[in-house]
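A.B. asks: The structure is given below, and queries will be raised subsequently.
The values are calculated or read from the model by the stated rules, or taken from the named source; none is laboratory data. Here the structure is a predicted model, which means the values were calculated and not measured. Don't worry about glycine lacking a Cβ; one is built from the backbone with ideal geometry, like all the others, and counts go over all protein chains shown. In case anyone asks, the SASA skips ligands and DNA or RNA and just uses the protein heavy atoms, side chains included. Shrake-Rupley method; radii C 1.70, N 1.55, O 1.52, S 1.80 Å.
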Amino acid sequence: MLMHFLRGLSELGFYYALAGTVAAVFGGSLALWALLVQSGCFALSAALQKRGWVRWLAVLPAAVPFFLPGAVRADWIAALPGLGYLVWMIRREDYGLSWSRGADVFSMLWKVCIPFALLFSVYGGVKSLTAQGLPAFLLAAVSSVLLLRSIRHGPEVYRQRSYQLLNGVSLALLLALAWLASTDWFLNGLWAVYARVVLPVLQTVLMAVSLAGAVLFLLVFGLVMWLISLVSEAAWVETEAAAAQGELTKQVREVAGSGAEWLERVVLLLLVAAGAAALFYFFRWMTRRRADRAWVHGAGDRLSPAEAARRREPTRLPRTYAGRIRGQYRRFLRHCRKRGIEIEASDTSEEVEAKARRRLVDRGAELADLRLLYRKARYQGTATREEYARVKKLCGELQKEL
């Protein structure tokens, strides 16, 4: 549960670092509560993943942030996409602990959140950023580090009590730091440092960039106007005369007055559409499967992407009992794919077992037995006639049930 709680904090924290900041501008103050509750719900559903529909009961506590005192519309709007992501992950039974996925999330986290924070703070949103965005970013970043540090080892390492105790203490300190970062006295001190040191530097840089852009724009605009005047000098003379009489000014004001309201609506609609599209692509990126990259359920026989690519093409197997077992296992994998089980070229035998177990809930012992016999034949190159007969029988039974 702790490992899946860390995964929830890292992935949902990425979202709430951005959405919580924007919600705080409109009076929202409960992004951290939504992040903690939804991450806890994901961890609880992971603990119940083998109990069928019972895992859906873990979604119920996710409604708590909507009824907390002080919740406003901005909090609800910010929490709904996170809730949708939680429901989608539970529906897909996506409980894998992937090092490659965690590395992708961490890499994108700082690349997106740091520029977002700089731009947001320059335009006067530093208090909203530090109140909601900064604590969520801290939770996401440190949770990602703890998760990556753990799942680079196998379950036999990260499930040790001492290892999880260290993770638990680290997480408790992280939560305390996030709470500290959202207190008024901390924010006031941070604001004082920001206003006196950081903001002047950022404004100077932004002013220099804006000045350079303005000069470039004026040069280009002047060049364009000069070219237009050469091509249509007569039209410009007529336009200047109309402006002198006040007719052009009157027409422009009438058009601007009638179109200003429509322009505002169109801009607002475009902003809403852009925000919705950004959310859609963000969560689609979060939920997509990383092809040719290992989903870690243990150290086991995990392949690198290069090794997985090299082994895509079937090789001729030796006519030994070990080779025959590998052939049976290949046919079992092809049958799983035909029955809708998504198996990647880089999946390990442990990952194949985990995916098949979702369809063959009552066949856990047989799947584990098949995996152990296959790994012995694959990596030790030895097998007996009895082991081959056992694998052949297991594959036949499992394929029939699929």
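A.B. asks: Would you list the helices (runs of 4 or more DSSP H) that sit entirely within region 30-148 and hold 1 or more residues that are among the acidic types (D, E), more than 30 Å from L360 (Cα to Cα) and within 21 Å of the chain's Cα centre (by Cα)? Give the derivation first.
C.D. replies: On the way: elements: 31-47, 73-92, 99-122.
In region 30-148, 73-92, 99-122 are the helices (runs of 4 or more DSSP H) which contain 1 or more residues that are among the acidic types (D, E), more than 30 Å from L360 (Cα to Cα) and within 21 Å of the chain's Cα centre (by Cα).
A.B. asks: Could you tell me how many of the residues in region 372-389 are assigned to a helix (DSSP H, G or I) and within 18 Å of L317 (Cβ to Cβ)? Write out each step before concluding.
C.D. replies: Within region 372-389, the first condition is being assigned to a helix (DSSP H, G or I), and the residues that meet it are 372-379, 385-389.
Checking the rest, the ones that are also within 18 Å of L317 (Cβ to Cβ) come to 373-379, 385, 387-389.
Of the residues in that region, 11 qualify.
A.B. asks: Checking the conditions here, which among V72, V54 is among the β-branched types (V, I, T), more than 30 Å from V198 (Cα to Cα), without any contact (Cβ under 8 Å) to a residue 24 or more places away in the chain and out of contact with any Pro (no Cβ under 7 Å at 6 or more places or on another chain)?
C.D. replies: Numbers: V72 fails: without any contact (Cβ under 8 Å) to a residue 24 or more places away in the chain.
One residue alone meets the criteria, V54.
A.B. asks: Restricting to region 54-98, name every residue that is open to solvent by less than 30 Å² (accessible area, probe 1.4 Å), in contact with a Ser or Thr (Cβ under 8 Å, 6 or more places away or on another chain) and among the small types (G, A, S).
C.D. replies: Passing the criteria: only A58.
A.B. asks: Assess whether A208 counts as being modelled with pLDDT under 75, more than 24 Å from L32 (Cα to Cα) and loosely packed, with under 11 Cβ neighbours inside 10 Å.
C.D. replies: Values: modelled with pLDDT under 75: no; more than 24 Å from L32 (Cα to Cα): yes; loosely packed, with under 11 Cβ neighbours inside 10 Å: yes.
Here the answer is no, as A208 does not meet what is asked.
A.B. asks: Further question on the same structure: May I ask you to say which residue of R51, R101 is out of contact with any helix residue (DSSP H, G or I) (no Cβ under 7 Å at 6 or more places or on another chain), surrounded by fewer than 20 Cβ atoms within 10 Å (Cβ to Cβ) and either under 29 Å from I341 (Cα atoms) or among the aliphatic types (A, V, I, L, M) (or both)?
C.D. replies: Working: R101 fails: surrounded by fewer than 20 Cβ atoms within 10 Å (Cβ to Cβ).
On inspection, the qualifying residue turns out to be R51.
A.B. asks: Collect the residues in region 136-178 that are open to solvent by 50 Å² or more (accessible area, probe 1.4 Å) and small (G, A, S), keeping them in residue-number order.
C.D. replies: The answer is S162, A172, A176.
For (1) within 20 Å of P155 (Cβ to Cβ); (2) in contact with a Lys or Arg (Cβ under 9 Å, 6 or more places away or on another chain); (3) not small (G, A, S), each residue gets a yes or a no:
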| position | (1), (2), (3) |
| --- | --- |
| R324 | no, yes, yes |
| L333 | no, no, yes |
| C336 | no, yes, yes |
| E350 | yes, yes, yes |
| R357 | yes, yes, yes |
| L367 | yes, yes, yes |
| K376 | yes, no, yes |
| E387 | no, yes, yes |
| K392 | no, yes, yes |
